[in-house]
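The values are calculated or read from the model by the stated rules, or taken from the named source; none is laboratory data. All values derive from a computational prediction rather than experimental measurement. We place every Cβ from the backbone using ideal geometry, glycine too, and count neighbours over all the protein chains shown.
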Amino acid sequence: GDSVTQMEGPVTLSEEAFLTINCTYTATGYPSLFWYVQYPGEGLQLLLKATKADDKGSNKGFEATYRKETTSFHLEKGSVQVSDSAVYFCALDRGDAGNKLTFGGGTRVLVKP
Amino acid sequence: DAGVTQSPTHLIKTRGQHVTLRCSPISGHKSVSWYQQVLGQGPQFIFQYYEKEERGRGNFPDRFSARQFPNYSSELNVNALLLGDSALYLCASSLRGFAEAFFGQGTRLTVV
């Protein structure tokens, strides 16, 4: 079955540091890939997505490239802020009639001033 | 426009009881999916409904059931509650496949 594996946290960084969260997936066919963010006490928010190989999703300074050859979708940000402290989830979707997401276990990121 | 709304936000139930959780999708969205998020883990897919028909089911026991109404709102029902059912239950709506899923704030269920 489908699965998503992402690096375990917590990841602790200083403000303005470079962030990378690794994500790899196993799925048949050509899923869409997503990064969701969950701030404390809140639901999930879509951060970025990519729907086909070599697509790059980007939003709020975050980027991730859909690499089919390595089945990866690593999340990067060049300069993190304290406000980026949250839990980040990598996910894939093969739902052809609505969302049917398979999530990774989440990576908690803590950015210190 | 209102986002995805879920009710109640919190509830506490006793083992063996039954619970019904409710979700209203974003206006115009015809797909609703339910997820269970146990503390410290990623959400797990439970059900997907599209145009009032079940289109997907995750690896959950038959104690879990759901339905979608003509106005596209949805209910998740869980019978014979176990302590392990304690979790945040998330509802998400979307227009169609591969489109962005919008999540509600969730219902925090505690089984004691």
Residue B:14 passes all but one of the listed conditions (1) among the polar types (S, T, N, Q); (2) surrounded by 12 or more Cβ atoms within 10 Å (Cβ to Cβ); (3) in contact (Cβ under 8 Å) with a residue 24 or more places away in the chain; the exception is number (2)
Scan the stretch B:82-96 residue by residue and report those that are within 18 Å of residue A:44 (Cα to Cα) and either at the interface with another protein chain (Cβ under 7 Å from one of its Cβ atoms) or touching a helix residue (DSSP H, G or I) at 6+ places or on another chain (Cβ under 8 Å) (or both).
B:90, B:92, B:94
Only residues that are closer than 19 Å to residue B:102 by Cβ and either of a type in the set (Phe, Trp, Tyr) or touching a His at 6+ places or on another chain (Cβ under 8 Å) (or both): list them for the stretch A:55-84, please.
A:62
Considering only residues that are away from every other protein chain (no Cβ under 14 Å) and part of a loop (DSSP other than H, G, I, E, B), which ones fall in the stretch A:16-36?
A:16, A:17, A:18, A:22, A:28
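Among what's in the stretch A:67-84 and is part of a loop (DSSP other than H, G, I, E, B) and surrounded by 20 or more Cβ atoms within 10 Å (Cβ to Cβ), pick the residue that is farthest from the other protein chains (Cβ to nearest Cβ).
Taking the candidates together, the pick is A:80.
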Looking at the stretch A:40-66, which of its residues are more than 11 Å from chain B (Cβ to nearest Cβ), surrounded by fewer than 19 Cβ atoms within 10 Å (Cβ to Cβ) and either part of a strand (DSSP E or B) or among the hydroxyl-bearing types (Ser, Thr, Tyr) (or both)?
A:56, A:58, A:59, A:63, A:65
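This table checks each residue for (1) free of Cβ contacts under 8 Å to residues at least 12 places away in the same chain; (2) over 15 Å from the mean Cα position of the chain (by Cα); (3) within 13 Å of another protein chain (Cβ to nearest Cβ).
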| residue | (1), (2), (3) |
| --- | --- |
| B:10 | no, no, yes |
| B:23 | no, no, yes |
| B:35 | no, no, yes |
| B:41 | yes, yes, yes |
| B:48 | no, no, yes |
| B:78 | no, no, no |
Count, please, the residues in the stretch A:85-113 that happen to be modelled with pLDDT of 90 or more, surrounded by fewer than 17 Cβ atoms within 10 Å (Cβ to Cβ) and either facing another protein chain (nearest Cβ under 7 Å) or touching a His at 6+ places or on another chain (Cβ under 8 Å) (or both).
1
Please count how many residues of the stretch A:29-83 are within 21 Å of residue A:105 (Cα to Cα), touching a residue at least 40 places away in the same chain (Cβ under 8 Å) and over 13 Å from the mean Cα position of the chain (by Cα).
5
In the stretch B:44-65, anything surrounded by 14 or more Cβ atoms within 10 Å (Cβ to Cβ), at pLDDT 95 or above and not in a strand (DSSP E or B) is listed as B:60
